[in-house]
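The values are calculated or read from the model by the stated rules, or taken from the named source; none is laboratory data. This is a predicted model, so every value here is computed, not measured. Using ideal geometry, Cβ is built from the backbone for each residue, glycine included, and neighbour counts are taken over all protein chains shown.
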Amino acid sequence: MGVEYKVNRLRATGNIRPLVDKHWGDLRAAKERGEKVAWASGPSFMFPYSMGMKCHFMAGYASYAGGIGAADELLRLAETTGDLPETCSYHRLHMGLVEAIKKGVPIKEQAILPLPDLLIAGRYCTEQSHYSESFYRRMGLRIAPLELPFVFNKEDRPRIREFVYRQIVENVIPNLEDVCEKPFDYDRLSEILSVLKKTATLRNECWKFLATKPATWTLWDYAVSMAPVIYMMGDPAGIPFYEDLLKELQERHEKGIPALAPEGEKYRIYWDGWIPWAFLGKFMRKFTPHGAVCLCGRYPWEMFPHPELIDPEHPLDTVVDWVYGEETGLACHMAPKGSIELIGELIEKYSIDGLVMFSSKSCRMWNQSHLDQIDSLDKKYGIPGVVIEADMIDPEMVQDSQIDTRLQALFETIDGRRRR
């Protein structure tokens, strides 16, 4: 009889839910307190925070809605009013929210948000431009666009960086100043980055325990713990959260307690693409019986992976270099050439055995060159990979049989190569 693998659950990750609930609860009540509210897509939410505004973050809200079981009703509501099911599920979810607000359709109370005084539309992909256009057309919301091009060739990076920097200075900040009727608070942006630097430094210490053999925790554990370095950026509550998590990971490592019982993982897996927020439990149950753990990926690693480069004395440069920095900019790693380099580094650092490319059926941005990436990385590292087609929050796009078949193929390929 084979080994029966079970997850050793972390205590500390259970502490994130109250922090997340408080964040969204404060946002829901902001208008009642007479506060200004912003919505944001792309890495732009720190700018309204700097003005004392409560701010929604597109991907953060979608993951929250998926986690509380509200996504499906919002997706279906959007489709009844004309949004196509093939479009981005994050976009559709927000269109469902707009319809619920416009028509007073009863939905889960935690999923309701106040409409914004300003939408900062940071655009990586065409769907994010449709997203802002739809809000303007349907609700007349004020939009501050922020184009965020990928960097396909390194020689283009300085020019694109300057383009994005100027957009922030000439468009985003003036819009915020106009809405809030006060000058932009650069000191507050510096404070936010100071808190983030401490939080991300602690987070990086936690990352080290994903590289241990056996691993002490998993990518899924980190996924539910990401909020303090993303949309809760600048909230001091993230520091004690990661301090507590780090302490538990250190204690586990000293006692030899792995992420998977009884003795640790059989397969160490790289995960590329969005986290399947509404289906975390499902995917854990797909991997765990095989003794497989997901340990790293491009998306979870894009949130300030080098906190030592955060410079609160130069806040705008720090924010722009998060996306367009010479060595670490995430816009470089999203493009095919840069992705190969980053994934290769993660393969080596985390001793990866196989690749799972999560191809979201409704998100074209993350699906660039998955098969080419697998081919290139297999030739260089001898690491096999598979593509799984599903979605982050739409259950209509998640098929158990396809996931099971492709994971089984991956594990059999790894086993076959090990025997050779």
Residue list for segment 252-291, restricted to those being closer than 30 Å to residue 61 by Cβ and aliphatic (A, V, I, L, M): 259, 269, 275, 278, 280, 284
Pairs, first under 11 Å from residue 354 (Cβ atoms) in segment 399-420, second hydroxyl-bearing (Ser, Thr, Tyr) and not in a helix (DSSP H, G or I), C-beta under 7 Å, six or more apart: 411/267; 414/267
Residues of segment 34-43 that turn out to be at pLDDT 90 or above and buried (at least 22 other Cβ atoms within 10 Å of the Cβ), as a count: 3
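Every residue, every condition in (1) touching a helix residue (DSSP H, G or I) at 6+ places or on another chain (Cβ under 6 Å); (2) of a type in the set (Gly, Ala, Ser); (3) assigned by TED's automatic domain parsing to the domain that holds residue 116, yes or no:
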| position | (1), (2), (3) |
| --- | --- |
| 171 | no, no, yes |
| 197 | yes, no, no |
| 203 | yes, no, no |
| 209 | yes, no, no |
| 224 | yes, no, no |
| 259 | no, yes, no |
| 275 | yes, no, no |
| 282 | no, no, no |
Residue match in segment 331-342 (condition: more than 30 Å from residue 394 (Cα to Cα), surrounded by fewer than 20 Cβ atoms within 10 Å (Cβ to Cβ) and either at pLDDT 95 or above or out of contact with any Gly (no Cβ under 6 Å at 6 or more places or on another chain) (or both)): yes
Hits in segment 363-393 - residues which are touching a strand residue (DSSP E or B) at 6+ places or on another chain (Cβ under 9 Å) and of a type in the set (Asp, Glu): 375, 378, 389, 391
Options 82, 69: the member that is over 22 Å from the mean Cα position of the chain (by Cα) and at positive phi: 82
Residue that is farthest from residue 28 (Cα to Cα) [pool: residues in segment 87-131 that are in a loop (DSSP other than H, G, I, E, B) and of a type in the set (Val, Ile, Thr)]: 87
